[in-house]
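Undergrad: Dropping the structure in here first, questions after.
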Amino acid sequence: MNETSFAAWCDANHAHISERPRGKKHTCKEASTALTVQNDGTREALFALLDGGVFPEGDCCDWLIAETPSTDTALGALLELKGKDLEKAIRQLQQSVKRMRADVTSGLLLRNAVVVCRGGPSNASTKWQAKVKAFHKATRCSLSREACGKTIPLSKLLSFHD
């Protein structure tokens, strides 16, 4: 197996990556679904377009949002913008965790996966909690949901939700 650091992965995929310095916002969009992320972290943040960008084919989520690579391990989160199909969104996030872990062998810690969608069970429902638990068991990542159109801090995306 080839060893690929997160820094090398970013260099190889720079055409699909936008960087935002501390204090700046980035809006991730797909069709009529969007989420804005405010970089409140201590390092620059990067926003890598995965679906149709880094991964031109196959099943994957829309975005990787992470701290920029440095000598420390960068924290990262995966983001899927989905209208209503929550089941498909979760499948795409699971596949993306697998693909990213296969592509990046060091320097990136995927902590969270976030679905932005309209509808579905409430975050407090037993059905949603079962999905969260199953996702964590399968990927070792937290799963959360955010409402379409919100602005959230980068620190929230990169913190554990368990």
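The values are calculated or read from the model by the stated rules, or taken from the named source; none is laboratory data. What you see is a predicted model; the values in this text were computed from it and never measured. Quick reminder, even Gly has a Cβ in these numbers, built from the backbone with ideal geometry, and neighbours come from all protein chains shown. Calculation scope for accessible area: heavy atoms of the full protein, side chains included, ligands and nucleic acids excluded. Shrake-Rupley method; radii C 1.70, N 1.55, O 1.52, S 1.80 Å.
Undergrad: Among the listed residues LEU75, LEU79, which satisfies the condition of being at pLDDT 95 or above and in a strand (DSSP E or B)?
TA: It is LEU79.
Undergrad: Which of the residues spanning segment 46-80 are under 21 Å from ALA34 (Cβ atoms) and β-branched (Val, Ile, Thr)?
TA: VAL54, ILE65
Undergrad: Of the residues that sit in segment 48-62 and are farther than 11 Å from PHE6 by Cβ and not in a loop (DSSP other than H, G, I, E, B), which one is least open to solvent (accessible area, probe 1.4 Å)?
TA: Selected residue: PHE55.
Undergrad: Among the residues in segment 80-87, are any under 19 Å from ARG140 (Cβ atoms) and among the aliphatic types (A, V, I, L, M)?
TA: no
Undergrad: Ok, one more. Hey, can you tell me all the residues within segment 120-162 that are touching a helix residue (DSSP H, G or I) at 6+ places or on another chain (Cβ under 7 Å) and modelled with pLDDT of 90 or more?
TA: Matches in segment 120-162: LYS131, PHE135, ALA138, THR139, CYS141, SER142, LEU143.
Undergrad: Shifting gears a bit: With ARG99, ARG118, ARG91 as the choices, which residue is assigned to a helix (DSSP H, G or I) and open to solvent by 70 Å² or more (accessible area, probe 1.4 Å)?
TA: Unique residue meeting the criteria: ARG91.
Undergrad: Would you please list the contacts, defined by Cβ atoms under 8 Å and residues six or more apart or on different chains, that run from a residue in segment 13-24 that is assigned to a loop (DSSP other than H, G, I, E, B) to a residue that is at pLDDT below 85 and loosely packed, with under 15 Cβ neighbours inside 10 Å?
TA: So the pair list comes out as ARG22/THR42.
Undergrad: Taking the condition more than 17 Å from LEU49 (Cα to Cα) and either open to solvent by less than 70 Å² (accessible area, probe 1.4 Å) or in a helix (DSSP H, G or I) (or both), does LYS133 pass?
TA: So LYS133 fits the description; yes.
Undergrad: Another question, if that's okay. What pairs come up if the first residue lies in segment 40-58 and is at negative phi, the second is open to solvent by 60 Å² or more (accessible area, probe 1.4 Å) and among the acidic types (Asp, Glu), and their beta carbons are under 6 Å apart, counting only those six or more places apart or on different chains?
TA: Partner pairs satisfying both residue conditions: GLU44/GLU19; LEU46/GLU19.
Undergrad: List the residue pairs whose Cβ atoms are under 6 Å apart, where the first residue sits in segment 100-113 and is at negative phi, the second is open to solvent by 30 Å² or more (accessible area, probe 1.4 Å) and aliphatic (A, V, I, L, M), and the two are 6 or more positions apart or on different chains.
TA: As it stands, the answer is LEU109/LEU75; ARG111/LEU75, since those pairs meet every condition given.
Undergrad: Turning to a different aspect of this structure: Within segment 63-85, track down each residue that is in contact (Cβ under 8 Å) with a residue 12 or more places away in the chain and open to solvent by 10 Å² or more (accessible area, probe 1.4 Å).
TA: TRP63, GLU67, THR68, PRO69, SER70, THR73, LEU75, LYS82, GLY83, LYS84, ASP85
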